[in-house]
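One structure below.
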Amino acid sequence: MDQLLDSRRGTDRSRLRALRLRSHLLAPSTAHEPTVGAVAAHMLATQAQDLAGGAYALSLRHGSTTQRQPVVHALEHGELVRSWLMRGTLHLCQPQDLGWLVRLSAPRVAQSAATRRANQHITATVVDDAAAHVMDLFRREGRASRELIQSRWQEAGLDLHDGRGYALLQELSYRLLICQGPLIDPGSWSAGQYFVPVPDTATAGVEPADPLAELLFGYLRGHGPASLRDAAWYAGHPLGALRAAAKRLGDRIQSIGTHEGEPLYLRTEDNDARSDQPAGRYLLPPFDEYYISYADRSLVADGQAQASVGPGRNGMVKASWLRSGSVLGAAGPDGLAQWQAQHWMRYQQYRAPRQD
């Protein structure tokens, strides 16, 4: 019998949180992956519209939050890339996962953005023209900043008003022509990243036979236990499609309990029913996967904590305190316990400009 289920008590929430911490590589007993790239592969994709926050999320799971060089090195050497993936949101991932994730996600993003693109007068011809100029820059420079790319477009007479420049970068990313790579200034996250040609490993890699099922399996590896509704939110695909994908996975995944009436799933290989209790104290960066990547966040955050962390009206999700698997609320510099003060200082140092 599955020890996670008790007919008298229902599902043990603390054990579910303990399992989720393990999946996120945040359990104190979890052996850290040897490289940042391996962490990225384990997580499948890590939300990173806040670049420093996404980098910190990987470092946290790698066990290297006192230094950022592992992430900087991975970006510089093409072991880690950033692009618009699920739900049209920027994520960090390994290049070998970039191609199939973009091909899976881009059509739905394009469908939802069709009216906006039409209003921006962004046609296939406009995108072709923009692509030709960027490819020319890459042939001469190898890589290019956003400012250089948009300057070239302006010189060529492309209209970049009303968000068209940003939209064109997205469109070229969805065509698997460009992605974001090395930091422009290795000492500063805010300086941004160079755009580079999509690596051959992203376009020549083996395409999963069943991409949506592979996405679900990878999601559960780094995020389980989770419901199919959670997975549908993460993937940006209909719930019915995720239910069908779960059936195709068969006994590779299994339900290990429920939360708020929804069955929760793990990969079968991860369901060893260990009796770990949730432990560990962390500062989670903005948009951390442990909090954001679920349709229902109530397993790890009560209503007050969710109101504190977000998303707010502007869509922002704040950094937060995590203790024993529960999100306590938004992180800040005031009224800190000793453990919080240590994590807050480490996080601020990680984000601050420096000369490495």
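So which pairs qualify, if the first residue must be in the range 69-80 and farther than 13 Å from Q94 by Cα, the second must be surrounded by 21 or more Cβ atoms within 10 Å (Cβ to Cβ) and of a type in the set (G, A, S), the Cβ gap must be under 7 Å, and the two must be at least 6 apart or on different chains? Filtered contacts from the range 69-80: P70/S59. Out of A246, A279, A231, one residue alone is farther than 22 Å from V309 by Cα and either in a loop (DSSP other than H, G, I, E, B) or not hydroxyl-bearing (S, T, Y) (or both). It is A246. Taking the conditions exactly as written (over 19 Å from A48 (Cβ atoms), surrounded by 14 or more Cβ atoms within 10 Å (Cβ to Cβ) and either touching a helix residue (DSSP H, G or I) at 6+ places or on another chain (Cβ under 6 Å) or modelled with pLDDT of 95 or more (or both)), does L148 satisfy them or not? The answer is yes for L148. Of the residues making up the range 26-39, those that are closer than 18 Å to D288 by Cβ and either free of Cβ contacts under 8 Å to residues at least 40 places away in the same chain or out of contact with any helix residue (DSSP H, G or I) (no Cβ under 6 Å at 6 or more places or on another chain) (or both) are L26, P28, T30, H32, E33, V39. Taking the criterion of being surrounded by 11 or more Cβ atoms within 10 Å (Cβ to Cβ) and in a helix (DSSP H, G or I), the residues of the range 108-127 that qualify are R108, V109, A110, S112, A113, R116, R117, V126, V127. Being in contact (Cβ under 8 Å) with a residue 24 or more places away in the chain and assigned to a loop (DSSP other than H, G, I, E, B) holds for only one residue in H161, H237, and it is H237. Of the residues in the range 168-179, at least one is under 24 Å from L216 (Cα atoms), in a loop (DSSP other than H, G, I, E, B) and either touching a residue at least 12 places away in the same chain (Cβ under 8 Å) or of a type in the set (F, W, Y) (or both). Would you check if there is a residue in the range 297-308 being within 27 Å of G257 (Cα to Cα), in a strand (DSSP E or B) and at pLDDT 95 or above? The answer is no, given that none of the residues of the range 297-308 is within 27 Å of G257 (Cα to Cα), in a strand (DSSP E or B) and at pLDDT 95 or above. Residues in the range 332-353 that are assigned to a loop (DSSP other than H, G, I, E, B) and either closer than 24 Å to G187 by Cα or of a type in the set (V, I, T) (or both): G332, P333, A352, P353. Go through the residues of the range 331-342 one by one and say whether even a single one is surrounded by fewer than 16 Cβ atoms within 10 Å (Cβ to Cβ) and touching a Gly at 6+ places or on another chain (Cβ under 7 Å). Looking through the range 331-342, none of the residues is surrounded by fewer than 16 Cβ atoms within 10 Å (Cβ to Cβ) and touching a Gly at 6+ places or on another chain (Cβ under 7 Å).
Within the range 59-88, being part of a helix (DSSP H, G or I) and in contact with a strand residue (DSSP E or B) (Cβ under 8 Å, 6 or more places away or on another chain) holds for L60, V72, L75, E76.
Applying the criterion of being of a type in the set (K, R) and within 29 Å of the chain's Cα centre (by Cα) to the residues of the range 151-182, the residue that is surrounded by the fewest Cβ atoms within 10 Å (Cβ to Cβ) is R175. Scanning the range 224-258 for residues that are surrounded by 19 or more Cβ atoms within 10 Å (Cβ to Cβ), at pLDDT below 95 and on the phi < 0 side of the Ramachandran plot yields a single hit, I256. Pairing residues of the range 275-293 that are closer than 20 Å to M316 by Cα with residues that are in a loop (DSSP other than H, G, I, E, B) and among the basic types (K, R), at Cβ distances under 8 Å and at least 6 apart in sequence or on separate chains, gives P286/K318; Y291/R297. Considering the conditions (1) touching a helix residue (DSSP H, G or I) at 6+ places or on another chain (Cβ under 7 Å); (2) under 19 Å from T46 (Cβ atoms), P278 is excluded by exactly one of them, (2). Screening S275 on (1) modelled with pLDDT of 95 or more; (2) surrounded by fewer than 19 Cβ atoms within 10 Å (Cβ to Cβ); (3) over 21 Å from the mean Cα position of the chain (by Cα) shows it passes everything except condition (1).
Scanning the range 137-158 for residues that are part of a helix (DSSP H, G or I) and touching a residue at least 12 places away in the same chain (Cβ under 8 Å) yields L137, F138, R146, I149, Q150, R152, W153.
The values are calculated or read from the model by the stated rules, or taken from the named source; none is laboratory data. Just so you know, these numbers come straight off a predicted model, no measurement behind them. In this analysis, Cβ positions are derived from the backbone assuming ideal geometry, glycine residues included, and neighbour counts consider all displayed protein chains.
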